[in-house]
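What follows is one structure encoded as structure tokens, with my remarks underneath.
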Amino acid sequence: EKEKEKEKEKEKEYEEPKELEELITIRNQKHAQALESESVSSSSVGEVKFDELKEKRDELIKHTQVHLLRTYPAGRRVDSSNYDPTIPWNFGAQIVALNWQTSAIPMWIYRAFFTQNYGYGYVKK
């Protein structure tokens, strides 16, 4: 009985304040909702939707300065081909997913890009 009480006390000691939780929580939302979100959020868009978004260049860049954006290849790429990853990167997309099954120029660019940071998987903006 006393041990259970001690465990409950320990749990109370380690509860994170609500403010901290809000600081470190990034909610994933539909992209349209993320555009309207005041708090930091993340969204994912396919290659086709990204092509539409990049027509509003300034809005997209402003969005990626505050929110996380993940792009991924179009579903029509049944041959596992890839799009040019430099385009989403240049618009501020933080995560650019590619089909790893195909070793072609887009994949070479992708791999070379991350050698900037000794292959750790991220590059500081």
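The values are calculated or read from the model by the stated rules, or taken from the named source; none is laboratory data. This one's a predicted model, so the numbers in the text were calculated from it and none came from an experiment. Don't worry about glycine lacking a Cβ; one is built from the backbone with ideal geometry, like all the others, and counts go over all protein chains shown. Accessible surface is based on the protein model in full, side chains and every heavy atom, while ligands, DNA and RNA are left aside. Shrake-Rupley method; radii C 1.70, N 1.55, O 1.52, S 1.80 Å.
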State the number of residues belonging to segment 33-46 that are open to solvent by 20 Å² or more (accessible area, probe 1.4 Å) and closer than 25 Å to residue 82 by Cα.
2
Members of segment 76-111 found to be small (Gly, Ala, Ser) and at pLDDT below 90, listed by number:
103
Taking segment 74-91 and keeping only residues that are in a loop (DSSP other than H, G, I, E, B) and either open to solvent by less than 40 Å² (accessible area, probe 1.4 Å) or under 20 Å from residue 125 (Cα atoms) (or both), one is left with 74, 80, 81, 82, 83, 84, 85, 91
Residues of segment 19-32 satisfying the condition of being open to solvent by 80 Å² or more (accessible area, probe 1.4 Å) and at pLDDT 75 or above:
26, 27, 28, 30
Quick one: would you say residue 101 is more than 26 Å from residue 38 (Cβ to Cβ) and among the polar types (S, T, N, Q)?
yes
Within segment 57-73, count every residue that is over 12 Å from the mean Cα position of the chain (by Cα) and either assigned to a helix (DSSP H, G or I) or touching a residue at least 60 places away in the same chain (Cβ under 8 Å) (or both).
7
Filter segment 92-101 down to residues that are in a loop (DSSP other than H, G, I, E, B) and open to solvent by 40 Å² or more (accessible area, probe 1.4 Å), then give me how many there are.
3
Hey, residue 56 open to solvent by 80 Å² or more (accessible area, probe 1.4 Å), in contact with a His (Cβ under 8 Å, 6 or more places away or on another chain) and modelled with pLDDT of 90 or more or not
no
Here the qualifying pairs (Cβ atoms under 7 Å; residues six or more apart or on different chains; first in segment 32-48 and more than 9 Å from residue 69 (Cα to Cα) and in a helix (DSSP H, G or I); second hydroxyl-bearing (Ser, Thr, Tyr) and open to solvent by less than 10 Å² (accessible area, probe 1.4 Å)) come out as 34/41; 34/43; 47/71
